[in-house]
Structure formats: C-alpha cells, structure tokens
2 protein chains.
Amino acid sequence: MTIRVSEAEKNVMDILWQESPLSSTEVVEKLQSQDWSEKTVKTFLNRLVKKGVVTYQKDGRRYLYSPAIERDEFLADESEGFLDKVFKGNMKELLATFVENKQLSKDELNYLKSLLDDQEDKDDKERDDVK
Amino acid sequence: MTIRVSEAEKNVMDILWQESPLSSTEVVEKLQSQDWSEKTVKTFLNRLVKKGVVTYQKDGRRYLYSPAIERDEFLADESEGFLDKVFKGNMKELLATFVENKQLSKDELNYLKSLLDDQEDKDDKERDDVK
DNA sequence: ACTTAAAGATTACACCTGTAATCGTTGTCA
DNA sequence: TGACAACGATTACAGGTGTAATCTTTAAGT
C-alpha cells in the first residue's frame with residue numbers, strides 16, 4: 001500500500017490535515033506562502049483525489065475536500081521508505097546522522113530521552129507478558 | 001547545493017561508496033540483485049556524471065568511476081531535506097515517529113542513548129567554552 | 001433571459017525518471 | 001585485414017511532476 005504523494009502535493013495534504021473539510025478556494029488561501037497559481041493548487045487537489053488520498057463531499061456545485069488517509073500513517077510510511085532507500089534500513093546510522101548533524105536542543109534531547117524510557121518500559125512489559 | 005540523485009541512482013552511488021574506482025562492468029556485477037539490464041546501469045552512471053556526483057578517470061578506452069561527493073555529506077543533506085519536506089522541520093515529531101513505529105531493539109536503544117549522552121557532553125562543553 | 005464569473009474537468013508542456021535499445025568507435029581475435 | 005565484441009554516447013519512450021491555461025457547466029446578478 002505504498003502511498004504515492006509528490007513533494008508539492010504534500011503541502012496540500014498538510015493543509016487538509018490541519019483543518020478539513022475545506023473548499024478549494026480555502027485551500028488556495030492557506031497556501032498563499034507557496035505562491036502558486038490557484039490553477040496549480042486545483043490541479044493538485046484533483047490529482048490527490050485520483051490517487052485516493054483525498055476525498056470530497058459536494059456542497060452545491062463545489063467540493064469540500066478532506067484527507068482520506070491518516071497523517072500518522074502517512075508519516076510512518078514515508079519514514080519507513082526513507083530509512084530503506086537512503087539508509088538501506090540501517091536505523092542506527094539514520095539516528096546517528098540526525099542526532100549528530102542536527103545539533104539537537106536541550107529540549108529535544110530530553111524529549112527523546114523520555115521517548116526512549118517509555119519504549120524501554122514497553123519492551124520490559126512485553127517480555128513479561130510473554131512469560 | 002541541493003544534490004539531486006534519484007532513487008534508482010542511489011543504488012549506484014551505494015556501490016561506489018563501498019568501493020571505488022570501478023569500471024561500469026564491475027558496477028553492473030555488483031548490482032546483480034537489482035536485476036537491471038547492463039544498459040540501464042550505464043545510463044545511470046552517465047546521468048550521475050552529468051549531475052556531477054560521480055567522476056571518472058580513463059583507463060584505456062573505458063572509464064573507472066568514483067563518487068564525487070562524500071556519503072556522509074549526502075546522507076546529512078537527504079536527512080535535512082526529509083525533515084523539512086515530510087515533517088516540516090519538526091525534529092521532535094520525526095524522532096517520535098521513528099522511535100515509536102520502528103520498535104527499536106534493545107541494542108539500538110542503548111546506542112541511541114549513548115549518542116545522546118555524547119551530545120549532551122558536547123553541549124556542556126560548548127556552553128563552558130563560550131564563557 | 002443574458003451575461004458573466006467561478007468551480008471543476010480537461011489539456012498542455014517541459015523536465016525528470018525508469019528502463020532500455022541503437023549508434024559509432026575501436027581494440028582484439030581469427 | 002576483416003568481423004566482432006565491448007565501451008561509451010545518443011536516442012527512445014512512457015509515466016510522474018511542476019506549473020499552469022483553456023474548456024464546460026452552471027449559479028447568480030441585471
């Protein structure tokens with residue numbers, strides 16, 4: 001179920017994940033910063049619908065668009081693909097690259113540590129469950 | 001300096017990063033698993049040279065190819081782009097997605113923790129240096 | 001009732017990508 | 001020395017992408 005959303009299209013998805021349903025006009029407005037023609041945005045909406053990742057309900061003669069896939073699911077999917085394609089599945093190397101190159105803030109470091117602790121707890125719990 | 005290497009082309013880069021210089025024939029051999037025609041591989045080598053990410057020296061009438069960019073630099077670049085495009089620069093969310101979805105092994109968890117400790121030390125050191 | 005404006009549908013078009021096949025040159029073997 | 005084989009160069013071609021413009025339909029204003 002490899003979702004295929006192009007880079008430009010992702011910007012449209014992000015808008016819809018923030019808020020939906022939205023009319024095409026509203027989406028265009030929220031994409032001001034991208035500085036795309038209204039036509040361009042509509043093309044993307046169209047393609048996204050054809051790809052099955054966006055749906056719409058009719059509201060009179062216009063459509064109200066909504067995402068048809070979960071953002072979390074999408075992110076997980078993209079991340080998986082990125083790991084495989086760029087790092088050939090080597091998770092350690094990926095983590096090292098991010099941690100070392102991005103100079104995590106104190107805040108991000110602590111957040112990540114707490115994530116890791118949670119994860120460890122979960123692992124422990126699972127081990128116990130098995131026995 | 002946004003490097004532009006397509007997905008299929010990355011496989012060729014990976015070979016050259018493992019060992020270089022290599023003749024086109026050698027690259028083809030090492031890409032057996034991809035099950036591409038020899039022609040296809042040569043097309044990629046050609047395109048990579050045109051993109052400036054691979055160079056060659058002549059060896060008689062054939063070329064010996066080598067990467068023209070560092071793997072580390074490339075990975076950092078791709079990671080940066082991925083973070084921006086998919087997670088809109090939100091590092092915390094990216095980390096959470098990887099940590100939560102990929103079920104890190106005990107080993108990976110420990111490795112990551114040690115990375116974080118190193119990072120913290122570095123931060124401390126830098127703070128001291130400033131003063 | 002007509003004209004017009006706006007929405008979605010269709011068409012455009014160049015560049016990138018995946019995946020080769022063909023062309024031209026030249027070293028090599030018979 | 002003549003045919004062939006192997007190399008890189010050039011060409012091919014469909015599908016995806018970025019970026020719109022044009023077409024068609026229809027609600028709405030005069």
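The values are calculated or read from the model by the stated rules, or taken from the named source; none is laboratory data. It should be emphasised that the depicted structure is a prediction, and the values quoted were computed from it without experimental measurement. FYI the Cβ positions are ideal-geometry reconstructions off the backbone, even for glycines, and counts take in every protein chain you see. We work out accessible area using only protein heavy atoms, side chains counted, and drop any ligands, DNA or RNA first. Shrake-Rupley method; radii C 1.70, N 1.55, O 1.52, S 1.80 Å.
Within the option set A:29, A:7, being within 12 Å of DNA strand C (Cβ to nearest atom), within 24 Å of residue B:78 (Cα to Cα) and not assigned by TED's automatic domain parsing to the domain that holds residue A:97 holds for one residue only, A:7.
Rundown of residues vs (1) touching an Asp or Glu at 6+ places or on another chain (Cβ under 9 Å); (2) small (Gly, Ala, Ser); (3) part of a helix (DSSP H, G or I), yes/no style:
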{"position": "A:40", "(1), (2), (3)": "no, no, yes"}
{"position": "A:56", "(1), (2), (3)": "no, no, no"}
{"position": "A:86", "(1), (2), (3)": "yes, no, yes"}
{"position": "A:94", "(1), (2), (3)": "no, no, yes"}
{"position": "A:98", "(1), (2), (3)": "no, no, yes"}
{"position": "A:107", "(1), (2), (3)": "no, no, yes"}
{"position": "A:110", "(1), (2), (3)": "no, no, yes"}
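Here residue A:118 does not qualify as farther than 30 Å from residue B:70 by Cβ, in the same structural domain as residue A:17 (by TED's automatic domain parsing), without any contact (Cβ under 8 Å) to a residue 40 or more places away in the chain and over 17 Å from the mean Cα position of the chain (by Cα). Assess whether residue B:12 counts as being within 14 Å of chain A (Cβ to nearest Cβ), more than 9 Å from DNA strand C (Cβ to nearest atom) and open to solvent by less than 90 Å² (accessible area, probe 1.4 Å). Taking the combined requirement at face value, the residue satisfies it.
Here the condition is being among the hydrophobic types (A, V, I, L, M, F, W, C), surrounded by 13 or more Cβ atoms within 10 Å (Cβ to Cβ), within 14 Å of chain A (Cβ to nearest Cβ) and in contact with a helix residue (DSSP H, G or I) (Cβ under 9 Å, 6 or more places away or on another chain); of B:48, B:116, it holds for B:116 alone.
Of everything in the stretch B:21-45 that is within 14 Å of another protein chain (Cβ to nearest Cβ) and surrounded by fewer than 16 Cβ atoms within 10 Å (Cβ to Cβ), the residue that is nearest to DNA strand D (Cβ to nearest atom) is B:34. In the stretch B:100-113, which residues are closer than 14 Å to residue A:114 by Cα and either open to solvent by 60 Å² or more (accessible area, probe 1.4 Å) or in contact (Cβ under 8 Å) with a residue 40 or more places away in the chain (or both)? Scanning the stretch B:100-113 gives B:100, B:110. State all residues of the stretch A:1-20 that are more than 11 Å from DNA strand D (Cβ to nearest atom) and among the small types (Gly, Ala, Ser); if no residue qualifies, say none. Correct list: A:20 only.
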